[in-house]
Amino acid sequence: MKLFKSLLVAPATLGLLAPLSATANEVTINDFAPAEELAVTNSRVDGLEARLNDFEAGSFSSTTTASFSVDMAIGAVESNANSEALSTAYGYQMDLSTSFTGEDTLAVAIDAGAGAAALGELDLNATTGDELIVDGITYSFPVGDKITVLVGDSTSGSALYSTACVYGGFTNTLDDCGNFSSAFVATGHDDSVGFSASYDIGNGFTGAIGYQGQGTADAGLATEDGLDFYGGQVTYTADSYGASVTYANLDVGTAWGLNGYYSFASDLPSVSVGYEFTETDAALGDVEATQWFVGLQWDELGNGTLGVAMGSSGPQLEDEEEDMAYELFYTYNVNDSMSITPAIFILEDNAPGADDQTGVVVKTSFSF
């Protein structure tokens, strides 16, 4: 009977307490705790909140960031070796970045990928056999107000170069803007050590120098038996155009690169051009080679970017038939983190027994 009465009284009691809840909400800890005890309580709450925030960040420090990208491609490449077989490939990259002073950066790149050799021209890092590998570790820091220095392993000596080219590029052959040798680039996973430094000259001019070395089992860096590249670059950049001159000593020869671009204010595309001259020391005399590049790019065509380019398929020797490369692509932005790029490319190879390649591919890219 007592239980029955309690059940009847409970709703009435809740009804009486309801008006009091509005008043109770206005009562705070300040009404009961002294100021000194309140300060200690607030300090403990703030400390607990900070620890929770660190835990929610995945145990990263507050200056560490991570970015991820995935590229997946499907297509066919026509040549005698590939016979138009439909192939797939993918590449995955994780970039970790940490700052210790707010001005420096420690960066680590981790790659994975796999796919058919026929799609190797897409340069998707698809050569690791599904295994995660460290693609490069770099540390960059400022020296004063105008100098930036970068050092790293498996990284390029030209990492701080600012070559005058605004063409994005789709294939591995044409994405260097004709600057194949003078802006020497690490091939990836090759254990090369890179050093680069840039200097803000002022009035639109910047300068940079770089060194890239790869020792052997019997020889270290900067030795006669080792492989050492070094060089420099001067770049001028204005509001709508730019130009750069690049020089490299490639251990067995030298290279000079000239690049420039112009971006029109109207619906016309940007124009990027490049020309390079190399001279290699050989037993029978110096061997000279040249290459050139022209690329047009519409950055805001519909909901994406259209690019078309042509140029030499790598350095071309004098007095030999020139191998050419062509590409056409359109990158459609599905959203801020996803894009789809259909493309066509042609690579000529006039060497005896070699095959031309014609590829039709679709690449889907994710970034997060």
Keeping to the range 297-320, report how many residues are within 30 Å of Glu279 (Cβ to Cβ) and in contact with a strand residue (DSSP E or B) (Cβ under 7 Å, 6 or more places away or on another chain).
-> 10
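Please specify each residue of the range 284-333 satisfying the condition of being over 19 Å from Asn172 (Cα atoms) and under 27 Å from the mean Cα position of the chain (by Cα).
Selection gives Trp298, Asp299, Glu300, Leu301, Gly302, Asn303, Gly304, Tyr332, Asn333.
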Quick one: in the range 309-345, which of the residues that are of a type in the set (D, E, K, R) and within 24 Å of Trp292 (Cβ to Cβ) is surrounded by the most Cβ atoms within 10 Å (Cβ to Cβ)?
-> Glu327
Does Ser162 satisfy the criteria of being touching a strand residue (DSSP E or B) at 6+ places or on another chain (Cβ under 9 Å), surrounded by fewer than 24 Cβ atoms within 10 Å (Cβ to Cβ) and in contact (Cβ under 8 Å) with a residue 60 or more places away in the chain?
-> yes
Would you mind telling me which numbered condition in (1) surrounded by 17 or more Cβ atoms within 10 Å (Cβ to Cβ); (2) of a type outside the set (A, V, I, L, M, F, W, C); (3) more than 16 Å from Thr173 (Cβ to Cβ) Glu348 fails?
-> (3)
Conditions (1) open to solvent by 70 Å² or more (accessible area, probe 1.4 Å); (2) assigned to a loop (DSSP other than H, G, I, E, B); (3) within 16 Å of Gly169 (Cα to Cα) -> Ala265 fails only (3)
Could you tell me whether the range 176-185 includes any residue that is in a loop (DSSP other than H, G, I, E, B), open to solvent by 20 Å² or more (accessible area, probe 1.4 Å) and either modelled with pLDDT of 95 or more or more than 28 Å from Thr290 (Cβ to Cβ) (or both)?
-> no
Could you tell me whether the range 108-129 includes any residue that is open to solvent by 50 Å² or more (accessible area, probe 1.4 Å), touching a residue at least 12 places away in the same chain (Cβ under 8 Å) and under 15 Å from the mean Cα position of the chain (by Cα)?
-> yes
Listed by first then second residue, the pairs whose first member lies in the range 224-252 and is at positive phi, whose partner is buried (at least 17 other Cβ atoms within 10 Å of the Cβ) and at pLDDT below 90, with beta carbons under 6 Å and at least 6 positions apart or on separate chains, are Asp251/Leu227; Asp251/Asp228
Just name the residue that is farthest from the chain's Cα centre (by Cα) out of those in the range 134-158 that are open to solvent by less than 50 Å² (accessible area, probe 1.4 Å) and among the hydrophobic types (A, V, I, L, M, F, W, C).
-> Val149
Report yes if some residue within the range 115-133 is more than 25 Å from Ala343 (Cβ to Cβ) and assigned to a strand (DSSP E or B); otherwise report no.
-> yes
Considering residues that are under 14 Å from Gly274 (Cβ atoms) and not polar (S, T, N, Q), the number found within the range 147-167 is 5
Do we have any residue at all in the range 268-276 that's touching a Ser or Thr at 6+ places or on another chain (Cβ under 7 Å), surrounded by 15 or more Cβ atoms within 10 Å (Cβ to Cβ) and among the hydrophobic types (A, V, I, L, M, F, W, C)?
-> no
Being closer than 30 Å to Asp299 by Cα, in contact with a Leu (Cβ under 7 Å, 6 or more places away or on another chain) and at pLDDT 95 or above, is that true of even one residue in the range 208-218?
-> yes
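The values are calculated or read from the model by the stated rules, or taken from the named source; none is laboratory data. These figures come from a predicted structure and were not determined experimentally. All Cβ positions, glycine included, derive from the backbone under ideal geometry; neighbour counts span all protein chains shown. Heavy atoms of the whole protein, side chains included, go into the accessibility calculation; ligands, DNA and RNA do not. Shrake-Rupley method; radii C 1.70, N 1.55, O 1.52, S 1.80 Å.
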